[in-house]
Amino acid sequence: MQVKATTKIYGIFGHPVSHSLSPLMHNSAFAALGLDCVYTAFDVHPDDIGKAADAIRALGISGVNVTIPHKQAIIPHLDEVSPDAKHTGAVNTVENEGGRLTGYNTDVGGFMRDAREELGISPEGVSIMLLGAGGAARAVISAFGMNGAKRIAIANRTPGKAGKLAEEFGRFFPDTVIHPVDSGDAGAMTKELGLTDLLVNSTSGGMEGASGLEINIDALRDGAAVYDLVYKPRETKLVKEAKALGHKAVGGLGMLLYQGALSFEIWTGENAPVDVMRKAIS
């Protein structure tokens, strides 16, 4: 495409962000619909997220996606937060309307759609084990809590962080048992894995360039499925190990696609060309 003085600018804030497939996905969608828009990546240090939010206004950037580690940190710098993002406590999409920044969370809808389509998971009455307690974890808890999950175990290296998250969401979803697990406690992890219908990794462990994810899934019960939110590499070590043990397992490419489609529709008001976007990142 030809970038002009009138071209609307969109992008993604993250750290790191060089692995992101979002520019490929969104630029393909813009081109398919003939929109005068361009999408790029911005590597924003955690100390600079406030400055980055100000830059959206100052530079007239039309909208951004927000990824690790900024999904919670950006909220105080926004003018408004949608009900879904407020409930989740994390923002992954920002829209700029005349200098007024509104935050949304499309991770919830994107994750739930992909889990249903790829793994055949129905959230009602299931028990899930969640690795991590950051912004992405909040979207997973919201997706399952609001759809009637039975149990949600939050495993984290810092049990206090997981406990705080469990207490917070326990107030929103009183019919779902939400509790922390010390991921360093092998006995506790083994017990939880034996009760789990779906194991979800919401950490960056396993991502290219990041430290590996250390978990033994041998105790995962028969018939359980695995979802790794990491999408680069396309098949993480966790996904490979799960498949080798006979479990259904997928990476996060589908969630990326569907959350991106929802973001696209918020920004443009157009129906997202999902097939074009899927092809761009496949």
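Each reported figure results from applying straightforward, stated rules to the coordinates on display, with no laboratory input. Everything numeric here is computed off the predicted structure, so don't read it as measured data. Glycine also receives a Cβ, built like all others from the backbone with ideal geometry; neighbour counts cover every protein chain displayed.
Tabulated data
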read-out	value
Electrostatic dipole magnitude of the chain [Cβ: Lys, Arg +1; Asp, Glu -1; Cα centre; debye, to 20]	160 debye
Ranked packing of 99-109, 264-274, 185-195, most packed first, by mean Cβ within 10 Å	99-109, 264-274, 185-195
Mean shadow area of the chain over all directions, Cα convex hull, nm²	14.0 nm²
Degrees, to the nearest 10: 135-145 long Cα axis against longest axis of the chain	60 degrees
Burial ordering of Phe144, Phe172, fewest other beta-carbon atoms within 10 Å first	Phe172, Phe144
Least to most buried among Arg234, Arg171 (fewest other Cβ within 10 Å first)	Arg171, Arg234
C-alpha long axis of helix 107-119 to longest principal axis of the chain, angle in °	60 degrees
Fully extended contour minus Cα-Cα distance, from Asp275 to Lys4, at 0.36 nm per residue	94.9 nm
Crossing angle, helix 49-59 versus the chain [Cα axis fit, 0-90 degrees, rounded to tens]	30 degrees
Selected from Leu33, Thr88, Ala58, residue furthest toward positive end of dipole (the chain; charges at beta carbon)	Leu33
Efficiency of FRET from Cβ geometry, Arg100 and Lys164, R₀ 45 Å, rounded to 0.05	0.90
Calculated FRET value between Asp79 and Glu117, using beta carbons and R₀ = 30 Å, to 0.05	0.30
Fewest-first ranking of Tyr10, Tyr231, using other Cβ atoms within 10 Å as the exposure measure	Tyr231, Tyr10
Pairwise FRET efficiency - Asn216 versus Lys51, Cβ, R0 = 30 Å, nearest 0.05	0.10
Rounded to the nearest 20 debye, dipole of region 222-267 from Cβ charges on Lys, Arg, Asp, Glu	180 debye
Given Lys150/Lys248; Lys164/Lys240; Lys71/Lys161; Lys71/Lys150; Lys71/Lys164; Lys86/Lys161, the pairs whose alpha carbons are separated by over 22 Å	Lys164/Lys240; Lys71/Lys150
At 1.002 mPa s and 20 °C, Stokes diffusion of region 108-251 via Kirkwood alpha-carbon radius, µm² per second	145 µm²/s
HN-Hα J in Hz across region 79-93 - Karplus 6.51, -1.76, 1.60, θ = phi - 60°, x for Gly and Pro	7, 8, 10, 5, x, 5, 6, 5, 5, 6, x, 8, 10, 10, 9
Relative contact order computed over region 108-251 (Cα-Cα under 8 Å; 6+ residues apart), in percent	21 percent
